Structure formats: C-alpha cells, structure tokens
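Asks: Shown below is the structure under consideration.
The values are calculated or read from the model by the stated rules, or taken from the named source; none is laboratory data. Keep in mind it's a predicted model, so treat the numbers as computed, not measured. Every residue, glycine among them, receives a Cβ derived from its backbone with ideal geometry; neighbour counts consider all protein chains shown.
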Amino acid sequence: MNEADTDLPGLLQKAADNGVELVRFFIADACGNLRGKVSSLSSALPRFESGIGLVKGTMAMNMLDQLQTDTGLGAVGEVRMVPEPETFTILPYAEASASVFCRMEELDGRPWSHCPRAFLRRQVEEAEKLGFRVLAAYEPEFILGRESDGEFRPIDRGLCFSSESMHAADHFITAVVKALKAQGIELEQYYPELGAGQHELSISPAQPMLACDQYLLLKETVRALAQAQGLSVTFAPKRSASEPGNGAHLHLSLWTADGKENLFYGDAMSSPDGDMGLSQLALSFIAGVHQHLKALCALTCPSVNSYQRLKPSHWSSAFTAWGFENREAAIRVPSVYRGRRESSTNIELKCVDSTINPYLALGAVLACGLDGIHRKLSPPAPVAVDPAEMEADFDLCALSGLEPLPRSLNDALTELEADLFLMKSLGAELVNTYIIVKTSEVAAMQDDPPFAYSQHRQRY
Ligand code: GLU
Ligand code: MG
C-alpha cells in the first residue's frame, strides 16, 4: 500500500507481473468485519470507476449475520463499492490475490450515509480545516494458540515480555512482520504480552484513513498466517475470566498541516515528574474525548464481549479518567522518548478493542477531540493513581471527573443515544442502523455464558 502510488494501470500491471489473479473489494461492516466481493484482475480496471454492487442490507447485519430489517435496509436497495486506488495491496499470504478498500456510494455517485470511510473522511476534513494533520495508530493484542480436540490452547505460557514466549511464537511473528513489510506496513514494536499466548504488534502511526486500513490489513495478515501455520488466533476482547483481555489501544496526535510540528507538545501542563509537557490544544482535545467517553465506548468497545474486558485492574480502563503514564486511565499520556520528546508526544485511548469498525471508532474519537478544541475545554484533574482507589472519595472523583465507564454494551448504547453531539456527527441514518445492529447482538447473546465468546469464537 503506497499513498503516492496511484498509477492505476501501472499498479494492476505490477500485480499481474506478481501473479495476481484476483482482487478483493472490501468494506468494513458495522462490526468491523471485512466483507466484499472479488473480481478477476483482468476485469478489475473498469471497476475502479464503476465499482461493484453490494446490497445495502450488508450494513444491517450483525456479527452473527442476522439481518436487521427494522433499520430500513434489507433485500431492496443497492450501493456501489468504489475502490480507493491508493489502498490497492498485493496480499503476500494469499494464493494470488490483491485487496482494495472501497467507499460506498449511492448509484448516482453520492457518498452513502452508512459509509464508515465517508464518516471518517468528514472528521479528517474538519481537522484539516483547522490546520491539523492527524496521526493515529491502533495497537492490537491477540492470543495465539492451537485448536486440539475442539479446544483452544495458547501457544505459550511464558512470562510477560519473556524470551520464552518470543521463541514460542518466533516462526509466526517473523512471517507476519515480513508479510506486513511486503504490504508497506512498518512494525513499530513487537512483544509477548501478559497472558498465555498473548502477543502485541504495533505499527507506525499514519494519517487516519491509512491507519485504519493498515490496522485491518494487520488483522487479516495475522489471521491468514495463523491459518497457514496450523495455528488459531483470537482478537476477542476477553477470552476467559482468568486471562488478560485483548485491547486495541488507539494512539493519536495533532500536527501542523506540513507534519513538521507536533501540536500536542507544549508547556500548558507537565507530568508530575516534569518530563512530559502538553499544549493547551492537547488538553482541550483530551477534555473533548473525556467528556464524551461513555458514549464513545459504544463505538470503541462495541461488542457484548467488550465489557468483560473493560473492568478495573485489567489495564484496559474502567473509569472516565485521564493521566500521565497511568495504565488504568482511559486516556493515558504515554511517557515521551529522550531525544524525541516532541515527536513522541501523543495520547492513548485504552478503552478500545478489536471488535471495532476502525473508521467509526477513530472518526468518533476525532470528532469528540475536535469538539473539545472548538469549545476550548479544559480537562478535569489528571489521575495519578489507580482510579478504582478513588471511587469512594466523592470530592476527588468530582475533581477528576471520574465516573465508571459503561458496564455493558447496552449501557454504552444508551450513553450514545444521550450524546447528541456524537449522534449528530455520525449522522441519523448511520447511527440509527448502528444502534439497531448492536442492540440485536445484545439480544442474541443475552442467554450466552458470561463471555459471549465460546459460542461465537469464529467471529473474533
Ligand atoms: N491487555 C490490556 C488491555 O486489555 C492492556 C495491557 C497494556 O498493554 O497496557 O487493554
Ligand atoms: Mg499491550
């Protein structure tokens, strides 16, 4: 994937030279699953203009493939999936396929109200109008294992960050990193995480649309290579009570339009040790996200299973707290690097997991951060302890704007419905469908065992 490389006939010729026969046209549905259709390479060129047809009902399907016709979307109505040429990527793990991410347009070419890319694009344009370039990165965790006798067994039981776990997953991780590189995706860091078989790969920050595309390609790559190596992988927010959850933390910073100056870096507030400094702009962005956090969870932690992870003492955040280098805070300001203090200043949203539609989640977070900037908000006091320890202290909670995050998907959807700003940003048609689809998942899983995972593991 190469932003500068949009010479379409050249791209397709290069693909043909590399043995590509098929092109996967992808959209991400309400639940973040990639769905689409496949064209032969030889007939792909005109499709870049005309697109490929897709029934509108696709965006009204929940993660169990149950179509929610009360959204008004069903058997009737068609859109076009129109490819974005700069996302064309030869898939190193597939037999002979490339993929391309698509926007969704009405038949007359207008953006479709339900298109997640169109929603994110609107938020990016809003940032650009204010003179900002946004950098973002998702940081997914996953559990790698083997299926035997119908049971999933993690690939290692090594310690967190341990060489033992690195060895156990070496063959797999090396293949993933090479495949990412072949797709133009640079690894930032890899390490074994706390749980059995849990690993984390982070990639370099990029502009929002690219960051979302790359996150989805990363997930695709991990899944495909696990399958190729006879392994099994899950990105489920919480696989079982005894294991740590899988997050997909979201890192963000705002830069000048030329990308030279990090506008989050400044001296409006310093960390207690004086090492990290945030600008007023960063504080306003944090305040905006903080104010909308409970509603945002409906988009950043959007599955029934998400709320098994979003609990105190999981380092996943459970309260509307922000703080410097605080891993229990929903908004963490990570420590900066000596020698590159300015460029490494960013914020991390921890209440995010891999059941997201990344375009909707990032677009929503961006909209809320920009809302904080528009309204020149200042955040409450940063939290320097585990927020669970403050819960009983009413005054401290008030000072830090501390409230519990939603405890269930249903609660999060109720928060979303009450957040008129976010509802309006998403647009009535998109958000109406989204809420119906997600509510249907709550209903479909209400009798499931607490994790709503084992029955639906193939979806994660
Ligand atoms: N696994 C934790 C989560 O679910 C995050 C651990 C960490 O990287 O701080 O968010
Ligand atoms: Mg981690």
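Asks: Can you pull out every residue in the stretch 116-165 that is closer than 18 Å to Ile373 by Cβ and of a type in the set (S, T, N, Q)?
Replies: Gln123
Asks: Same structure, new question: If I go through the stretch 308-328 residue by residue, how many of them are over 16 Å from Glu139 (Cβ atoms) and either aliphatic (A, V, I, L, M) or within 13 Å of ligand 2 (Cβ to nearest atom) (or both)?
Replies: Total meeting the criteria: 3.
Asks: Among all residue pairs at least 6 apart or on different chains, which show Cβ distances below 7 Å where the first residue, located in the stretch 7-32, is over 22 Å from His456 (Cα atoms) and the second is of a type in the set (Phe, Trp, Tyr) and in a loop (DSSP other than H, G, I, E, B)?
Replies: Leu11/Phe88
Asks: Further, regarding this structure: If Val383 meets every condition in (1) over 22 Å from the mean Cα position of the chain (by Cα); (2) over 30 Å from Arg122 (Cβ atoms); (3) surrounded by fewer than 24 Cβ atoms within 10 Å (Cβ to Cβ) apart from one, which number is that one?
Replies: Single failed check for Val383: (3).
Asks: OK, next. What's the number of the only condition in (1) part of a loop (DSSP other than H, G, I, E, B); (2) under 22 Å from Pro116 (Cβ atoms) that Leu210 fails to meet?
Replies: The failed condition is (1).
Asks: Within the stretch 227-254, track down each residue that is touching a Phe, Trp or Tyr at 6+ places or on another chain (Cβ under 7 Å) and of a type in the set (A, V, I, L, M, F, W, C).
Replies: Correct list: Ala228, Leu231, Val233, Phe235, Ala236, Ala248, Leu250, Leu254.
Asks: Sticking with this structure for a sec: If the Cβ limit is 7 Å and pairs must be 6+ apart or interchain, which residue in the stretch 246-265 that is more than 24 Å from Cys351 (Cβ to Cβ) and polar (S, T, N, Q) pairs with which residue that is assigned to a strand (DSSP E or B) and more than 16 Å from ligand 1 (Cβ to nearest atom)?
Replies: From residues that are more than 24 Å from Cys351 (Cβ to Cβ) and polar (S, T, N, Q), the pairs are Thr256/Arg133.
Asks: Something else about it: Phe142: buried (at least 20 other Cβ atoms within 10 Å of the Cβ) and within 18 Å of Lys219 (Cβ to Cβ), yes or no?
Replies: When the stated conditions are applied, Phe142 passes them.
Asks: Which one is farthest from ligand 2 (Cβ to nearest atom) among residues in the stretch 242-261 that are assigned to a strand (DSSP E or B), within 30 Å of Pro192 (Cα to Cα) and not small (Gly, Ala, Ser)?
Replies: Leu254
Asks: Which number in (1) touching a residue at least 40 places away in the same chain (Cβ under 8 Å); (2) more than 22 Å from the chain's Cα centre (by Cα) marks the one condition that Asp447 misses?
Replies: For Asp447, the exception is condition (1).
Asks: Could I ask something else about it? Run Ser242 past the list (1) buried (at least 21 other Cβ atoms within 10 Å of the Cβ); (2) of a type in the set (Ser, Thr, Tyr); (3) farther than 22 Å from Ala206 by Cα and report the number of the one that doesn't hold.
Replies: (1)
Asks: Now, a different point. Would it be correct to say that Glu429 is within 16 Å of ligand 2 (Cβ to nearest atom) and in contact (Cβ under 8 Å) with a residue 40 or more places away in the chain?
Replies: Criteria not met by Glu429.
Asks: Of the residues Leu73, Leu54, which is surrounded by 19 or more Cβ atoms within 10 Å (Cβ to Cβ), part of a strand (DSSP E or B) and of a type outside the set (Ser, Thr, Tyr)?
Replies: Unique residue meeting the criteria: Leu54.
Asks: Please go through the stretch 183-201 and give me each residue that is surrounded by fewer than 19 Cβ atoms within 10 Å (Cβ to Cβ), of a type in the set (A, V, I, L, M, F, W, C) and within 13 Å of ligand 1 (Cβ to nearest atom), ordered by number.
Replies: Leu194
Asks: Right, next: Which condition number does Thr87 fail, the rest of (1) out of contact with any Phe, Trp or Tyr (no Cβ under 9 Å at 6 or more places or on another chain); (2) closer than 24 Å to Leu299 by Cβ; (3) of a type in the set (Ser, Thr, Tyr) being met?
Replies: (1)
Asks: Still on this structure, please answer the following. Within the stretch 168-195, how many residues turn out to be modelled with pLDDT of 95 or more, within 15 Å of ligand 2 (Cβ to nearest atom) and assigned to a loop (DSSP other than H, G, I, E, B)?
Replies: Matching residues across the stretch 168-195 total 2.
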